[in-house]
Structure formats: C-alpha cells, structure tokens
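See below for the structure under consideration.
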Amino acid sequence: MTSRTVSSLCLSRFPDANHRPTTPMLNLAGLALLALCNLPLTQGFAPPQATRANALQTPRPASWFTTTILKSTAISSNEDLLPGIGAINEGNAELFKSLESMRDAPYFRLFSVDILASCEYLPQELFECYTEGCEILPVDEEDIPENICQKDKQETDFELDGWGRWDMPTDDYYDIQDYQEGYTGYDGRDVWAYIHQRICFPEDYSSNTWKGDFNKAVSGLHSMISAQVVRGIHERILNNEPFDEETEVWTDPNVEYQRRLRDQPLAMENLYFTYMLVLSAVAKAQDRLLQESRDFGVSELQNVLNSQLIMAAANNDPTTRAASRQLQQHASVAVAGTADPGAALWEGRMRVRELIRVMNCVQCNKCRLHGKISTMGVSTALKLLVGGSQGQGEDP
C-alpha cells in the first residue's frame with residue numbers, strides 16, 4: 001500500500017502494491033473529509049423553519065446540528081448501528097478539531113492530481129470551469145517539499161487487479177487548504193447518476209451481502225459531498241456573499257439539507273456507515289500512519305490517532321466497529337461460498353477502481369480534486385478491511 005494511499009485514508013498516505021503512493025485515504029483531513037468526518041462541517045445550519053435572513057442574523061451554535069438533527073433514532077432504525085452513531089455524535093467534534101489542525105501539514109494538504117484527464121464514461125462537451133469557485137491552480141514548484149515529491153515518485157508501482165490506482169505524479173501539486181471542499185455551483189447529477197446506476201450493485205442497501213455494504217459506502221460518500229455543498233451555501237450567506245440569480249439555483253441551505261439529506265432514504269444512516277468504515281480502517285493503519293508522521297514530521301497526526309473515536313476503533317470497540325464488522329462478515333460468507341477465495345470480491349475491486357476514474361468526468365476542477373481524494377480514501381478503507389484473500393482485509 002502506498003504511503004500516499006494511506007494518507008487518503010486520513011487523507012493519509014499509505015503505500016501498497018494496489019495503491020499509488022500519492023493516494024490519500026484518510027488524510028485525516030481526509031478522515032473528516034474523506035472519511036466522512038464531514039458531519040461536523042454541517043454544524044451551525046439554521047433550523048428548517050428559519051429564513052435566509054434569520055440565518056444571516058442569528059447563526060446557530062456549533063452544537064445545534066448534532067443535538068437537534070443528528071438524533072440517532074431519527075437517522076437509523078438499524079439497531080446494530082445506533083450505538084456507533086451515538087458514539088460518533090459524542091466524539092466527532094474532538095476528532096474534527098484534530099483533523100483541521102493536521103491538514104495544515106504539507107503532507108496532508110499537497111496532492112499531485114491529473115486535472116486534465118479525459119472522461120471515459122459519459123459524452124460531454126469540453127469546457128473550462130464556468131465559475132471562479134470551480135477553478136484551481138497548482139502551487140509554485142518551490143513550495144513543494146522535496147521529500148514529498150521523492151516519496152510520490154518512488155511509490156508508483158501498482159497491481160493491475162488492485163483496489164485503486166492514483167494518478168501518476170507530475171510537477172503539478174494542488175493545495176487542498178487553498179481550495180477547500182464546499183459549494184461551487186457545479187451540477188454533478190449526471191456523474192452521480194452514472195455512479196449509482198452503473199458502478200453500484202443492483203442489490204438494495206438493506207441487502208445482507210457485501211455488495212449491499214458496498215452500495216452503502218458509496219451512498220455515504222455521496223452524503224458527505226452533499227453535506228459539504230449545504231455547508232458551503234450556508235457559509236456564503238453568513239459571509240454576505242451574493243448568489244448569481246441567473247446561474248445559481250441552490251441558495252437556501254435548509255431546502256438543500258432537506259432535499260439532499262433529510263428526505264433521501266438512508267442518506268444519513270449511510271453517511272455514518274461510511275464514517276465507521278473509515279474509522280476502522282484508520283485504526284488498523286495507525287502503526288503505518290505513525291511511521292509516516294515521524295518520517296515527515298507531522299506531529300499533529302498523533303492527536304488524531306489519540307482521539308476518542310480512533311482509540312475506540314483501535315481497541316475493537318463494538319459500537320464504532322459495527323459497520324466494518326458487518327462488511328467483513330458478509331465478505332467472509334462470499335469467500336466461503338466460492339472455490340477461489342482470492343477472486344470472491346473481484347467485482348468490488350473492479351467497481352471501486354471505476355469509482356475513482358469516473359471522477360475524471362467531473363467538470364469542476366475543485367470538485368474533481370476532492371472527488372479523487374475522497375474516492376481513493378473509500379477505496380483504501382475497503383482494501384484494508386476486506387482486501388485479503390479471506391475477506392478480512394490486508395496489512396497496510
């Protein structure tokens with residue numbers, strides 16, 4: 001596993017034969033980001049009955065979202081997940097604070113990404129980003145630490161049949177702190193339709209199979225990005241930034257929260273499900289992450305790994321590991337039912353690779369950047385949890 005792959009985990013960087021070194025997975029910024037630790041990003045929304053004017057004048061306290069909306073029983077009827085949802089609500093603020101501190105480190109903020117790659121899945125008209133919020137520019141070459149460039153260029157090997165493949169490194173690195181995830185006005189519904197209709201399995205979310213769990217993980221990724229969009233709209237209002245009435249149709253964070261998350265079946269439950277998967281993967285990779293933090297001087301990573309949620313997952317706490325336990329049990333059933341255990345989950349490997357590559361169809365460069373990091377994070381989590389020949393994961 002490449003070190004950058006693991007980093008996508010936290011936006012983390014793990015090297016492994018299936019993942020390119022520049023692959024971030026829990027880039028810990030990635031945890032909060034990638035890892036769907038984006039729940040805290042949605043804190044502070046005005047309540048559903050509030051108007052835009054009210055939201056502007058009286059922003060809600062940071063705890064409003066988790067105490068009013070994120071009620072475990074309102075989010076899920078799955079009794080196996082409820083304790084984990086409650087644990088995340090309790091420990092998310094602490095973890096998010098540590099992640100935000102960590103993503104200031106160059107190792108977790110600079111990524112070499114192919115922004116010019118062509119879309120291979122959908123017919124599209126070629127055009128540049130149509131809003132200022134979509135465009136991104138590479139950082140100056142002298143601002144890129146040499147050890148990061150060397151690490152990325154050394155770890156370019158990958159397995160053709162692996163769980164993910166990151167873009168080959170170039171001299172162009174992008175800073176995710178300069179271009180943070182949020183609202184750009186970009187409409188990515190065609191890409192998401194392709195993902196849900198073609199990359200996800202026909203199985204329902206409630207299916208007691210690893211394919212149903214795969215769909216839940218992808219749905220949770222979609223929910224994370226929806227939360228980022230809603231948060232971005234809310235921040236535009238708080239900052240008195242005007243909307244372009246001719247081109248921007250999504251201007252009310254309450255309406256968008258309801259449309260994208262609250263009223264979508266299982267959207268919030270699947271967000272927590274994916275969050276739990278990434279927590280378990282980060283906990284499994286903690287020794288590798290600690291070594292990376294020492295090699296690259298990222299002392300902030302220690303605070304992340306010492307957080308309540310990561311420590312609980314590392315100690316096999318049944319609440320936060322409920323999702324990974326379910327996935328591994330279902331994967332074990334699939335492995336036991338085939339004469340070739342190593343090939344039992346081949347469809348998962350294939351589809352998660354397509355999930356990463358379909359991000360080249362996103363015609364918003366900032367969205368493409370974060371989409372690639374996020375999908376690689378989910379890919380790395382799945383590899384760590386069920387990538388082994390017995391469906392129980394691999395060593396980082």
Give the accessible area for MET168 in Å² (nearest 10); use a 1.4 Å probe, count only protein heavy atoms, and leave out ligands, DNA and RNA. 90 Å²
Ranked packing of 189-195, 347-353, most packed first, by mean Cβ within 10 Å: 347-353, 189-195
Taking placed amide H atoms and a strict 5 Å upper bound, the residues 5 or more places from GLY387 or on another chain that come that close are GLY393, GLU394
The distance between the Cα centres of segment 245-320 and segment 119-168, in whole Å, is 22 Å
In terms of modelled amide H atoms, which long-range or inter-chain residues lie less than 5 Å from the amide H of SER112? TYR174
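For the pairs LYS151/LYS366; LYS153/LYS216; LYS151/LYS216; LYS211/LYS366; LYS153/LYS211; LYS97/LYS372, flag any whose C-alpha to C-alpha distance is greater than 27 Å.
Working: LYS151/LYS366 24 Å; LYS153/LYS216 34 Å; LYS151/LYS216 33 Å; LYS211/LYS366 30 Å; LYS153/LYS211 34 Å; LYS97/LYS372 23 Å.
The answer is LYS153/LYS216; LYS151/LYS216; LYS211/LYS366; LYS153/LYS211.
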Residue by residue through segment 191-208, the couplings from Karplus 6.51 cos²θ - 1.76 cosθ + 1.60 with θ = phi - 60°, in Hz, x for Gly and Pro, are 5, 5, 4, 5, 4, 6, 8, 10, 8, 5, 7, x, 4, 6, 4, 7, 4, 7
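The values are calculated or read from the model by the stated rules, or taken from the named source; none is laboratory data. It should be emphasised that the depicted structure is a prediction, and the values quoted were computed from it without experimental measurement. Note: ideal-geometry Cβ built from the backbone for every residue, glycine included; neighbour counts use all protein chains shown. Note: areas computed on protein heavy atoms with side chains; ligands, DNA, RNA excluded. Shrake-Rupley method; radii C 1.70, N 1.55, O 1.52, S 1.80 Å.
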